[in-house]
Amino acid sequence: MTNDTVLTPAGPAPAANPNRLMTMFRWLRTEGTLLVALIVLLLILTAVAPNFMTLGNVLNIVREAAFVGIIAWGMTLVIISGEIDISVGSNVALSSALLGVLVAKQGVPILPAVLIVLVVGTLIGVFAGIFRSLLNVPSFIVTLALYLGLKGLALFITNAFPNSISSATFNYFGAGFFFGIPVPALILFLLFLVFLFISRKTAFGRSVYAVGGNAEAARLSGISVARVRIVVFTMTGLLAALVGVLLSARLSSGNPGIGTGLEFDVIAAVIIGGASLAGGRGTMLGTLLGVLFVTVLSNGLVLLGVNAYVQDIASGAIVLIAVLLSSIRKETEHR
């Protein structure tokens, strides 16, 4: 009798999960590419821009990123839902102007004045959402009207002059530090976690993607398209008012001139982050990288002494490239 050793042939290696590979591939094509571009930009500016990689300048970048990024969280949902909001800069200006008038002219204590400003900013978002959803007016037209109207109202109620707000406590929220980190930056990352959860883990977040991908199909599947649109504009209005308050705290004044051009920085950051203007696509992580990219580039150009008009040209070119890349990605996915 012999003892035969039975050799069990080695089986094939377990196949990788195709869904996981596809998710990784998409990440490399969007956020991964942007992350590499951001690292390259940081290395170039560190080499050529004086005082770029210093603690003071890095903290300044993070603080400036907060004023763009806080609104960008709401704008990401607006763009994913297939809409656009170009009124946020004017909403910021009106919020700051109204806060200055309430505190400096009307004698309203700061806390109630801040609450009033936040409510007004939120109602502006509700107004935009209702006009878009219930009256079926394109969001570009609605927010363009608000952009002009709110800007004029901010200048009218202040006679185009800033109003001083003297309060060390209030100023702390715009210019202070908490454990060495600028307070606006802490608010930025806290809200990032909130909106990351909303977009990825809630039924509402999935509804936003569904409405942006195909509004009619979303409606037939039982999603209230009007409610989704009103909520995303409302959140963006509230975030714009919050930035108006934080900028007022930083400057210690209610200023109708702040927020000018901010809407374009916000929209540029969201698009660079991979969101599609056609709707249905975009992530909070991509927007975070887009915000950092836009802020770092702007800071570096200033340190290099680049003409302000040339800075605008560079920003426009980057947005155009981002839109082209988004279109190319969309076409290759449909092949």
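The values are calculated or read from the model by the stated rules, or taken from the named source; none is laboratory data. Values in this document were obtained by computation on a predicted structure and should not be read as measured data. Reconstructed Cβ throughout: ideal geometry from the backbone, glycine too, with neighbour counts over all protein chains shown. Remember, those area values only see protein heavy atoms, side chains included, never the ligands or the DNA or RNA. Shrake-Rupley method; radii C 1.70, N 1.55, O 1.52, S 1.80 Å.
Some values worked out for this structure:
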quantity	calculated
Subset of the stretch 292-315 (residues that are under 22 Å from ILE328 (Cα atoms), touching a Leu at 6+ places or on another chain (Cβ under 9 Å) and modelled with pLDDT of 90 or more)	PHE293
Check on PHE131, open to solvent by 50 Å² or more (accessible area, probe 1.4 Å), modelled with pLDDT under 95, of a type in the set (Phe, Trp, Tyr) and assigned to a helix (DSSP H, G or I)	yes
Boolean, ALA145 is under 19 Å from VAL92 (Cβ atoms), in a helix (DSSP H, G or I) and more than 19 Å from the chain's Cα centre (by Cα)	yes
In the stretch 162-176, residue nearest to ILE124 (Cα to Cα) [restricted to those that are in contact (Cβ under 8 Å) with a residue 60 or more places away in the chain and open to solvent by 60 Å² or more (accessible area, probe 1.4 Å)]	PRO162
Subset of the stretch 45-59 [of a type in the set (Gly, Ala, Ser) and part of a helix (DSSP H, G or I)]	ALA47, GLY56
ALA145, sole failed condition from (1) within 18 Å of THR236 (Cβ to Cβ); (2) open to solvent by 50 Å² or more (accessible area, probe 1.4 Å); (3) in contact (Cβ under 8 Å) with a residue 60 or more places away in the chain; (4) small (Gly, Ala, Ser)	(3)
Failed condition for GLY257, given (1) small (Gly, Ala, Ser); (2) in contact with a Gly (Cβ under 7 Å, 6 or more places away or on another chain); (3) more than 30 Å from ILE44 (Cα to Cα)	(2)
Residue in the stretch 60-82 that is closer than 30 Å to ARG219 by Cβ and outside any helix (DSSP H, G or I) present	yes
Residue within the stretch 24-41 that is more than 23 Å from ALA268 (Cα to Cα), out of contact with any Asp or Glu (no Cβ under 6 Å at 6 or more places or on another chain) and modelled with pLDDT under 90 present	yes
Residue among VAL58, VAL62, VAL36 that alone is under 28 Å from ALA113 (Cβ atoms) and surrounded by fewer than 24 Cβ atoms within 10 Å (Cβ to Cβ)	VAL62
Hits in the stretch 211-230 - residues which are under 18 Å from LEU135 (Cβ atoms) and either open to solvent by 50 Å² or more (accessible area, probe 1.4 Å) or of a type in the set (D, E, K, R) (or both)	ARG219, SER224, ARG227, ARG229
Matching residues in the stretch 185-203 - criterion: being among the small types (Gly, Ala, Ser) and open to solvent by 40 Å² or more (accessible area, probe 1.4 Å)	ALA203
Close pairs (7 angstrom Cβ cut-off, 6 or more residues apart or separate chains): under 11 Å from THR236 (Cα atoms) in the stretch 113-131, open to solvent by 20 Å² or more (accessible area, probe 1.4 Å) and among the hydroxyl-bearing types (Ser, Thr, Tyr) anywhere	THR122/THR234; GLY125/THR234; VAL126/THR234; GLY129/THR234
Matching entry among GLY279, GLY244, GLY286, GLY237 (being modelled with pLDDT under 90, buried (at least 19 other Cβ atoms within 10 Å of the Cβ), closer than 16 Å to GLY74 by Cα and in contact with a Ser or Thr (Cβ under 7 Å, 6 or more places away or on another chain))	GLY279
The stretch 65-101 - residue that is of a type in the set (A, V, I, L, M) and over 15 Å from the mean Cα position of the chain (by Cα) and, of those, surrounded by the fewest Cβ atoms within 10 Å (Cβ to Cβ)	VAL101
Helices (runs of 4 or more DSSP H) wholly inside the stretch 230-335 that include at least 3 residues being of a type in the set (S, T, N, Q)	284-303, 308-333
